[in-house]
Structures are given as structure tokens and as C-alpha cells.
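The next block holds one structure in the form of C-alpha cells; read it before the comments.
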Amino acid sequence: MAPLSLAGFEAGARARLEPAVWDFLAGGSGTESMPAAARAALDRLRLRPRCLVDVSAPDPGTTLLGSTLGAPIGIAPMAYHQLAHPEGEVATARAAGEAGALFTVSMFASRTLEDIAAATTAPLWLQLYWLRDRKALVELAERAEAAGYRALVLTVDAPRVARRLRDIRNGFAVPDGISAVNLDPSVMAASHQGQAGASAIARHSREQFDSSITWADLAWLREQTSLPLVLKGVLTAEDALLAVEHGVQAIVVSNHGGRQLDFAVPAADALPHISDAVGGRCEIVLDGSVRYGADIARALCLGADAVLVGRPVLWGLAHSGSEGAAAVLKLLIDEFDEVMALMGMPGVRDFGRAGVSRN
């Protein structure tokens with residue numbers, strides 16, 4: 001019997017994974033206070049149900065950047081799914097297709113963009129960090145477009161990888177036999193070079209990420225592809241407005257799973273300010289500590305069009321491969337379906353600011 005809560009998948013994954021791999025997946029930056037802060041920000045929101053509404057047939061379906069989704073949920077970009085299961089992102093892609101969910105593929109995926117696309121009916125987005133090697137970025141964008149991916153997601157909160165103490169203690173490096181197969185090995189070499197008391201992931205980012213980019217560089221990226229551009233890691237209304245001004249079609253409100261700026265504003269706290277600033281001029285996705293179907297409802301009430309789920313999908317993948325990842329998504333969607341009925345909001349567009357109050 002599959003676990004009845006995400007906590008069960010988490011426990012199963014932790015028992016199966018090597019401690020250093022678990023720490024890499026679970027850890028945060030600095031004090032590691034941000035994951036708990038992100039969770040607390042959601043928990044401060046209480047749902048306000050309406051009565052005597054026809055909820056005999058709730059419909060969680062929606063669209064995001066023109067793609068049809070079975071529910072307003074997607075998988076956040078995460079590197080190296082083969083750390084959790086030998087099939088890696090191919091198994092995750094199958095799970096996304098089964099659930100009718102979006103899958104945002106990391107540029108550091110451990111399976112090829114083409115194999116991932118061939119394995120799923122899910123809409124796919126490709127996530128990018130801005131590398132110093134712009135040719136590598138262009139090649140990835142071209143391959144993604146040719147393989148049917150539907151958007152590029154530029155992560156903008158990581159000019160470098162933050163100090164993550166677990167990885168430093170473990171001297172973490174990407175294990176042998178797992179690699180970012182969509183990039184030239186020379187670009188990724190530093191991520192495999194373990195050293196006591198240092199994170200190879202952080203060292204790689206300082207070597208390969210271009211920390212000099214500004215808003216003006218987005219025009220160059222948009223010229224390289226016809227795919228919509230999404231920015232991930234926006235936490236202020238000011239940057240949301242700049243994103244709209246620079247032709248960005250969607251924003252992911254995210255604090256990177258608590259793995260980048262320590263003590264940053266939690267994504268759920270930033271969301272209503274960003275929604276108000278954008279005023280419907282681009283789509284908005286919430287990423288950060290989504291653990292319950294009620295969190296999807298909370299996000300929609302605050303102005304999001306959808307949510308992304310990160311670590312729990314890897315828990316499911318480690319627990320039982322594609323079936324486990326699909327079970328995680330199904331659990332969240334089933335919970336959301338129940339929330340829709342019990343809140344008296346049978347459609348995704350029925351959710352609004354009046355649906356929540358703050359403790």
C-alpha cells in the first residue's frame with residue numbers, strides 16, 4: 001500500500017538513499033531556516049469556505065502558458081533525478097504525464113532532453129542557469145524547442161550556489177555514473193571533483209555561472225528562441241514589474257527551496273504583492289514547500305495560476321520509481337479536489353483573495 005501522506009514517502013526515501021545524497025536533496029543554505037519559514041508562511045493562511053454551492057463535479061483542470069493541465073500543479077526543476085532512482089527524469093516524466101502535470105526539466109538533468117520528451121505526454125519546460133558559455137545555452141534552447149518543450153525557465157536567484165553546510169561537511173560531489181548529460185563534460189567537470197570540507201556543486205557554480213548578467217541580457221536570450229520565457233526566483237513586486245517590462249510571459253515566485261538566500265521573504269508572503277503588481281499581465285506560479293492539496297488552494301487564492309512541487313516528487317521517485325512519483329502527484333491532486341468541494345469552489349477560477357485569511 002502506498003503511503004497515505006507525503007511524510008510516508010519522505011521517510012521511505014530517506015531510508016533508501018545514501019546519507020550524503022539525502023543531505024544534498026534535503027538541505028538548505030546557511031541556517032536552513034528557510035524551508036520552515038516557507039512552510040510557516042503557508043500555514044498562516046486559513047481557508048474561508050462558502051456553503052450551498054454545487055460541488056457535485058469539481059474540475060481541477062486549467063491551462064498554463066497555453067498548455068492544458070489536469071490540475072494546477074507542476075514539478076519544479078531539480079538536478080540529477082538519477083540520484084533518487086536509476087531511471088531518473090524519464091521515470092519522473094512518465095509520472096507527470098500520468099498525472100496531467102507540468103514537468104520543468106533541469107538543465108542538469110541526468111537523462112537527455114529527447115529521452116525525457118519521448119517518455120511523456122506532459123507539457124515540458126526547460127530550466128536554465130545562465131552559463132558563461134552562451135553557446136551551451138543556445139544549444140540547449142534549440143534542442144528543447146526541437147523536442148517539443150514549451151518554455152524556457154531562467155533561474156534568476158542563483159548568481160552562485162549558496163553556502164550549504166551539509167554539502168560542505170560531506171564534501172559532496174556528483175557521484176560517478178551520474179552526470180548532466182545534456183552538457184559537455186568539460187562544463188560539468190568541477191561538479192564531480194570531490195574535496196573534503198568543500199561543495200563541488202558550489203565550486204562548479206562559481207566557475208561556470210555568469211554572475212554579471214542583468215535585465216538587459218534577457219533580450220539576447222529571447223532572440224535565440226521562439227519559446228516563451230519564464231523567470232524563476234522572483235520575490236519582489238519591483239522585479240515582477242521589470243519582468244513584465246522585459247517581455248517575460250510567466251514568473252515563478254520561489255526562494256529555491258530554501259537553498260539560496262537565507263532569511264529571504266517566503267514565497268507565499270511575496271506572492272500577493274507580486275500578483276497585485278503584475279495585474280494579470282503575465283502568469284504566476286508559486287514554488288515553495290507545497291505539501292498539501294490545501295496549499296494549491298492557498299496559492300490560487302493569493303493570485304497564482306499554478307504551483308510547483310519539488311522534493312516530494314523525488315521522495316516518491318526514491319520510494320518506488322515512476323509509480324511513487326505519480327502517487328505523490330495523485331495524492332496532492334486528490335487532496336486539492338477535496339478542498340475544492342469542501343470550500344465550495346468547484347473550478348480553479350473560483351479561488352480568489354476572499355478565500356483565505358491570515359492568522
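The values are calculated or read from the model by the stated rules, or taken from the named source; none is laboratory data. Worth saying up front: this structure is predicted, and the values here are computed from it rather than measured. Glycine also receives a Cβ, built like all others from the backbone with ideal geometry; neighbour counts cover every protein chain displayed. Note: areas computed on protein heavy atoms with side chains; ligands, DNA, RNA excluded. Shrake-Rupley method; radii C 1.70, N 1.55, O 1.52, S 1.80 Å.
For the pair GLU139 and ARG160, what calculated FRET efficiency results from E = 1/(1 + (r/R0)^6), where r is the Cβ-Cβ distance and R0 = 25 Å, to the nearest 0.05?
Efficiency computed from Cβ-Cβ geometry: 0.60.
Give the angle, between 0 and 90 degrees and rounded to the nearest 10, that separates the Cα long axis of helix 34-43 from the longest principal axis of the Cα atoms of the chain.
It works out to around 10 degrees.
SER226 to ARG132: extension gain in nm, 0.36 nm per residue of separation minus the Cα-Cα distance?
Gain on extension, SER226 to ARG132, equals 31.7 nm.
At a threshold of 8 angstrom on Cα-Cα distance, excluding pairs fewer than six apart, so keeping six or more, what relative contact order does segment 38-157 reach in percent?
Taking the mean separation of contacting Cα pairs over the length of segment 38-157, I get 19 percent.
What does the charge count around LEU47 come to, taking other residues whose C-beta lies under 11 Å from its C-beta (Lys +1, Arg +1, Asp -1, Glu -1)?
Residues close to LEU47 contribute a combined charge of +3.
Calculate the FRET efficiency for SER357 and THR68 from the Cβ-Cβ distance with a Förster distance of 45 Å, rounded to the nearest 0.05.
0.90
Using a 1.4 angstrom probe, figure out how much accessible area the chain has per residue, in square angstrom, rounded to the nearest whole.
I get 40 Å² per residue for this part.
Only bridges whose two residues both fall in the chain count here: according to DSSP, what percent of them are antiparallel, nearest 5?
20
Over the chain, what percent of the accessible surface lies on carbon and sulfur atoms, probe 1.4 Å?
52
With θ taken as phi - 60° and the coefficients 6.51, -1.76 and 1.60, list the Karplus ³J(HN,Hα) couplings across segment 312-319 in order, rounded to whole Hz; mark glycine and proline as x.
These are the phi-based 3J(HN,Hα) values: x, 5, 5, 4, x, 4, 5, 5 Hz.
Rounded, prolate or oblate: which fits segment 218-284, taking a ≥ b ≥ c as square roots of the Cα gyration tensor eigenvalues, rounded meaning a/c under 1.5, else prolate when a/b beats b/c?
Cα axes put segment 218-284 in the oblate bin.
Just how large is the dipole of the chain about the Cα centre, in debye to the nearest 20, putting +1 at every Lys and Arg Cβ and -1 at every Asp and Glu Cβ?
740
If you plug each phi of segment 9-18 into the Karplus form 6.51 cos²θ - 1.76 cosθ + 1.60 with θ = phi - 60°, what whole-Hz ³J(HN,Hα) values come out, in order, with x for Gly and Pro?
Result, rounded to whole Hz: 5, 4, 4, x, 5, 4, 5, 8, 8, 4.
If a/c stays under 1.5 just call it rounded; otherwise compare a/b with b/c (prolate if a/b is bigger, oblate if not). Do that for segment 1-156, with a ≥ b ≥ c from the square roots of the Cα gyration tensor eigenvalues.
Verdict is oblate for segment 1-156.
As a test of understanding, state the convex hull volume per residue of the chain from its alpha carbons, in Å³.
Spread over its residues, the Cα hull of the chain gives 123 Å³ apiece.
Highest first, please rank the peptides 180-191, 53-64 by the mean number of other Cβ atoms sitting within 10 Å of their residues.
Peptide ranking by packing, descending: 180-191, 53-64.
Using the Cα centre as the reference, give the magnitude of the dipole from point charges on the C-beta atoms of segment 141-245 (Lys, Arg: +1; Asp, Glu: -1; all else neutral), rounded to the nearest 20 debye.
So the dipole magnitude of segment 141-245 works out to roughly 540 debye.
Just order 194-200, 11-17 by mean Cβ neighbour count inside 10 Å, highest at the front, would you?
11-17, 194-200
What is the sum of charges around ARG94, taking Lys and Arg as +1, Asp and Glu as -1, for the other residues whose C-beta is under 12 Å from the C-beta of ARG94?
Spelling it out: positives minus negatives among the neighbours equals -4.
Tally Lys and Arg at +1 and Asp and Glu at -1 over the other residues with C-beta under 11 Å from the C-beta of TRP22: what net charge comes out?
Every neighbour counted, the sum reads +1.
Place a label point 7 angstrom from the Cα of ARG16 along the Cα-to-Cβ direction, then list the residues of segment 91-109 whose backbone nitrogen is under 19 Å away.
Backbone N within reach: 91-99.
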